[in-house]
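J.: What follows is a single structure, and I will ask about it in a moment.
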Amino acid sequence: MIHNLTFAGTIHAVLALLCIAAGLIQFLRPKRGAGHRARGYLYVYAMLVTDGTAMLVYRFSGNFNLFHAGAIGNFVCIVLAIVPLLRSPRPANWKLTHYYFISWSYVSLISAAATEIAARLLPLTTRGQIGFAALVLSIVTMAIAFVLIGKYRAPAEARSVSAKLVEQGGVPS
């Protein structure tokens with residue numbers, strides 16, 4: 001069955017697929033260097049447009065719904081993942097903050113993709129059925145992600161002696 005997609009829907013779908021690929025590569029590759037940064041910015045910019053175009057797609061209900069709320073949540077995760085990178089000086093444990101928020105952004109994307117696939121391939125005929133499928137798929141996706149995110153997170157960075165002294169009001173020599 002072929003569905004008519006609007007221009008915004010087409011952009012949304014293409015960029016979402018690009019983000020799925022870029023995010024998977026980010027997960028599998030080392031987390032430092034110019035390649036990581038380039039793929040990361042590709043993911044962030046493409047995801048921001050994907051979240052924006054999600055606000056223009058109303059296929060399931062004809063008005064604002066939980067999928068739009070999910071796009072807003074994803075946008076918030078992206079912003080919270082990037083802000084620590086842009087601050088100077090970077091806050092303590094910025095890498096861990098970045099890791100968690102960008103990871104949950106990707107989980108949101110995968111959950112939305114799983115829901116979209118289910119809605120198109122399964123014989124779901126009502127909004128309630130689609131909503132229930134989205135709930136079940138989101139719970140399964142989040143449970144798997146919770147384990148993987150915890151397993152592959154980098155250890156928290158130890159603070160330097162000079163940082164501890166400055167925090168206590170002392171001055172490093």
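None of the figures in this text is laboratory data; all of them are computed from the coordinates on show. On a predicted model such as this, the values are computed, not experimentally measured, just so you know. Cβ atoms come from the backbone with ideal geometry, glycine included; neighbour counts cover every protein chain shown.
J.: Which value in nm describes the separation of the simple spin-label points at THR6 and ARG127, placed 7 Å from the Cα toward the beta carbon?
T.: So the two model labels end up 1.6 nm from each other.
J.: May I ask you to evaluate 6.51 cos²θ - 1.76 cosθ + 1.60, the Karplus curve with θ = phi - 60°, for each residue of the range 74-84 and list the ³J(HN,Hα) values in order in whole Hz, giving x for glycine and proline?
T.: 5, 4, 4, 4, 4, 4, 5, 6, 8, 3, x
J.: What nm distance separates the two modelled labels at TYR41 and LEU28, each placed 7 Å from Cα along Cα→Cβ?
T.: Going from the TYR41 label point to the LEU28 one covers 2.4 nm.
J.: Scan the range 47-119 for trypsin sites (Lys or Arg not before Pro) in coil per DSSP, keeping those whose Cβ has at most 16 other Cβ atoms within 10 Å, and list them by number.
T.: Numbers: sites: ARG59, ARG87, LYS95; in loops: ARG59, ARG87.
Qualifying residues, ordered by number: ARG59, ARG87.
J.: Something else: Taking the Cβ of ALA22 as the center, what net charge do the other residues with Cβ under 11 Å away carry, scoring Lys and Arg +1 and Asp and Glu -1?
T.: Values: positive: ARG29, ARG39; negative: none.
Overall, the nearby charge balance is +2.
J.: Also, quick follow-up: When a/c is below 1.5 the answer is rounded, else prolate if a/b is larger than b/c, else oblate, so apply that to the range 1-159 with a ≥ b ≥ c taken from the square roots of the Cα gyration tensor eigenvalues.
T.: Working: a/c = 2.20, a/b = 1.78, b/c = 1.24.
Prolate shape, in that a/c is at least 1.5 and a/b is the bigger ratio.
J.: Using mean Cβ contacts within 10 Å as the protection proxy, how do 128-136, 23-31, 43-51 order, highest first? Intermediate values should be presented prior to the final figure.
T.: Details: 128-136: 15.4, 23-31: 13.6, 43-51: 20.9.
Highest-to-lowest ranking by the protection proxy: 43-51, 128-136, 23-31.
J.: In nm, what is the difference between 0.36 nm times the number of residues separating ILE20 and ILE117 and their Cα-Cα distance?
T.: Going from the current span to full extension adds 33.5 nm.
J.: Next question. Can you give the FRET efficiency for TRP94 and VAL140, using 1/(1 + (r/R0)^6), R0 = 25 Å, r = Cβ-Cβ distance, to the nearest 0.05?
T.: Working: r = 31 Å, r/R0 = 1.22.
That pair, TRP94 with VAL140, gives E of 0.25.
J.: Mind checking the dipole of the range 78-163: about its Cα centre, +1 per Lys or Arg Cβ, -1 per Asp or Glu Cβ, Debye to the nearest 20? Before the final figure, lay out the partial values.
T.: Numbers: 8 positive and 2 negative charges, 43 e Å.
In total the dipole reaches around 200 debye.
J.: Here is a follow-up. Go through the range 121-133 residue by residue and turn each phi into a ³J(HN,Hα) via Karplus (6.51, -1.76, 1.60, θ = phi - 60°); whole Hz please, and just put x for glycine and proline.
T.: With coefficients 6.51, -1.76 and 1.60, one gets 9, 8, x, 8, 10, 10, 4, x, 5, 5, x, 5, 4 Hz.
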